[in-house]
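Enquirer: My questions will all concern the structure given below.
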Amino acid sequence: QKYGYFHCKDCKTRWESAYVWCISGSNKVYFKQLCRKCQKGFNPYRVEAIQCQICSKTRCSCPQKKRHIDLKRPHRQELCGRCRGKRLSCDSTYSFKYIV
């Protein structure tokens, strides 16, 4: 799981998501996310680790934050390529190894 930055080239909408799923050890994205305005699917133009680059924690209180990750923001399941049509969402505590 990584943090991604998205940009819709059609309507110029930008968004970020803490629910970007990549192949382990790479930045190759498994699932696209839909633009909330155009409903077109996009891969992020940039991905990075969810952990803070300064203190290596997911929830940090470093004074010089480079990102504005808010893990409390709701996950838009209707726009997520992984959640759409699935019985388990990205928010669930299950991992792929338990889904057969």
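Enquirer: What is the number of the single condition among (1) of a type outside the set (Ser, Thr, Tyr); (2) touching a Cys at 6+ places or on another chain (Cβ under 8 Å); (3) at pLDDT below 70; (4) within 13 Å of residue 3 (Cα to Cα) that residue 68 does not meet?
Expert: (2)
Enquirer: Out of all the residues in segment 2-16, which are closer than 11 Å to residue 33 by Cβ and either free of Cβ contacts under 8 Å to residues at least 24 places away in the same chain or in contact with a helix residue (DSSP H, G or I) (Cβ under 6 Å, 6 or more places away or on another chain) (or both)?
Expert: Hit for segment 2-16 is 15, nothing else.
Enquirer: Let me ask something additional. Taking interchain pairs and intrachain pairs at least six residues apart, which have beta carbon atoms under 9 angstrom, with the first residue in segment 28-39 and closer than 15 Å to residue 3 by Cβ and the second of a type in the set (A, V, I, L, M)?
Expert: That search, which allows pairs on different chains as well, returns 29/20; 29/23; 29/47; 30/20; 30/23; 31/20; 33/20; 33/79.
Enquirer: May I ask you to verify whether residue 89 is in contact with a helix residue (DSSP H, G or I) (Cβ under 7 Å, 6 or more places away or on another chain), hydroxyl-bearing (Ser, Thr, Tyr) and either at pLDDT 65 or above or open to solvent by less than 80 Å² (accessible area, probe 1.4 Å) (or both)?
Expert: Details: in contact with a helix residue (DSSP H, G or I) (Cβ under 7 Å, 6 or more places away or on another chain): yes; hydroxyl-bearing (Ser, Thr, Tyr): yes; either at pLDDT 65 or above or open to solvent by less than 80 Å² (accessible area, probe 1.4 Å) (or both): yes.
For residue 89, the condition - in contact with a helix residue (DSSP H, G or I) (Cβ under 7 Å, 6 or more places away or on another chain), hydroxyl-bearing (Ser, Thr, Tyr) and either at pLDDT 65 or above or open to solvent by less than 80 Å² (accessible area, probe 1.4 Å) (or both) - is met.
Enquirer: For segment 17-40, name all the residues that are in contact with a helix residue (DSSP H, G or I) (Cβ under 9 Å, 6 or more places away or on another chain) and farther than 13 Å from residue 90 by Cα.
Expert: Those that are in contact with a helix residue (DSSP H, G or I) (Cβ under 9 Å, 6 or more places away or on another chain) and farther than 13 Å from residue 90 by Cα: 34, 35, 36, 39.
Enquirer: Identify all residues within segment 19-34 that are open to solvent by less than 50 Å² (accessible area, probe 1.4 Å) and farther than 13 Å from residue 82 by Cα; write none if there are none.
Expert: 26
Enquirer: Right, another one. Can you report the number of residues in segment 14-57 which are assigned to a loop (DSSP other than H, G, I, E, B) and at pLDDT below 90? If you could, list the steps in order and put the result at the bottom.
Expert: At the first step, the residues of segment 14-57 found to be assigned to a loop (DSSP other than H, G, I, E, B) are 21, 23-28, 30-32, 35-40, 43-45, 49-57.
From what is left, the residues that are at pLDDT below 90 are 21, 23-28, 30-32, 49-57.
Of the residues in segment 14-57, 19 are assigned to a loop (DSSP other than H, G, I, E, B) and at pLDDT below 90.
The values are calculated or read from the model by the stated rules, or taken from the named source; none is laboratory data. Computed from a predicted structure; not experimentally measured. Glycine gets a Cβ as well: all are built from the backbone with ideal geometry, and neighbour counts include every protein chain shown. SASA here: full protein model, heavy atoms, side chains in, ligands and nucleic acids out. Shrake-Rupley method; radii C 1.70, N 1.55, O 1.52, S 1.80 Å.
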